[in-house]
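The values are calculated or read from the model by the stated rules, or taken from the named source; none is laboratory data. None of these values were measured; they are calculated from a predicted model. Here Cβ is always computed from backbone atoms with ideal geometry, including for glycine, and neighbour counts include all displayed protein chains. The accessibility values were calculated without ligands, DNA or RNA, using every heavy atom of the protein model including side chains. Shrake-Rupley method; radii C 1.70, N 1.55, O 1.52, S 1.80 Å.
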Amino acid sequence: MKKLILTTAALALTAGMAFADGHAKTIRMGTEGAYPPYNFLNDAGEVDGFERELGDELCARAELTCEWVTNEWDSIIPNLVSGNYDVIMAGMSITDERDQVIDFSDPYTQPDPSSFLALSADADLTTGVIAAQAGTIQASQIASMEGATLVEFATPEETVAAVKNGEADAVLADRAYLEPIAEADGDLNLVGDDVLLGGGIGLGVRESDAELREKFNAAIQSMKADGTLNVLIEKHLPGSATF
């Protein structure tokens, strides 16, 4: 981990800041595009979902010109640090481990409950095989559970497929992601107790980009103050805690 932190910190020094030279530039918003309802690609191949609508509004309030790019989850932090884009907005929970490598904005969601999804209500969540997307707080949670076996996959869709094909007893992921899947598939059920992980979801920026972070923080706070953030949460994440 120390080697990772040192390497990414060195890259951050070369990535630059959008406003460091006094000239504005287009801010590239990096997302996964594979984690509905937070972010996904619509039928036109465009980034869509809660974070697209929220991100566009934050950019407007911060008076920034923004464009969206997609990146696989397992390299989303390294590619931010190396300068492929300027912001991560990808359902990323704020954690101490990630905060050693990048900086986070203020949270734009409350901590979202994580849930287990399984074929059977009697699934073994204590000593069984539990799937999670690699590099997530859910994967870290399972790894810390004495007795459980973690199997990691690159995409959230693969974690659900592992349960359906018997490779895993259950999957642990954000409830907002799993609940619609359980409702649409009669063979799958939410089981066990929900788990609260992380410190809410925030935008990730390079540690050298303090000015950009503060621009987004001001926009987030303005949306909290006038209630529009809660409106978007209720629209895209029904049942989730609001501010």
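Cβ-Cβ contacts under 7 Å between residues 6 or more apart (or on different chains), taken from a first residue in the range 186-204 that is of a type in the set (D, E, K, R) to a second residue that is part of a strand (DSSP E or B) and at pLDDT below 95, are listed as 194/113. Residues that are in contact with a Ser or Thr (Cβ under 7 Å, 6 or more places away or on another chain) number at least 2 in the following strands (runs of 3 or more DSSP E) confined to the range 99-193: 129-133, 170-174.
Among the residues making up the range 186-233, those that are closer than 30 Å to residue 119 by Cα and open to solvent by less than 30 Å² (accessible area, probe 1.4 Å) are 188, 191, 197, 200, 201, 233. Can you pull out the residues in the range 64-91 that are among the β-branched types (Val, Ile, Thr) and either open to solvent by 20 Å² or more (accessible area, probe 1.4 Å) or in a loop (DSSP other than H, G, I, E, B) (or both)? Across the range 64-91, the qualifying residues are 65, 69, 70, 77. Could you please let me know if residue 94 is at pLDDT 95 or above, open to solvent by 20 Å² or more (accessible area, probe 1.4 Å) and among the hydrophobic types (A, V, I, L, M, F, W, C)? In short, yes.
Residue pairs whose Cβ atoms lie under 7 Å apart, separated by 6 or more positions or on different chains, with the first residue in the range 146-157 and touching a residue at least 60 places away in the same chain (Cβ under 8 Å) and the second charged (D, E, K, R), are 154/72; 154/74. Filtering the range 114-132 to residues that are surrounded by 14 or more Cβ atoms within 10 Å (Cβ to Cβ) and not aliphatic (A, V, I, L, M) leaves 114, 115, 116, 124, 128.
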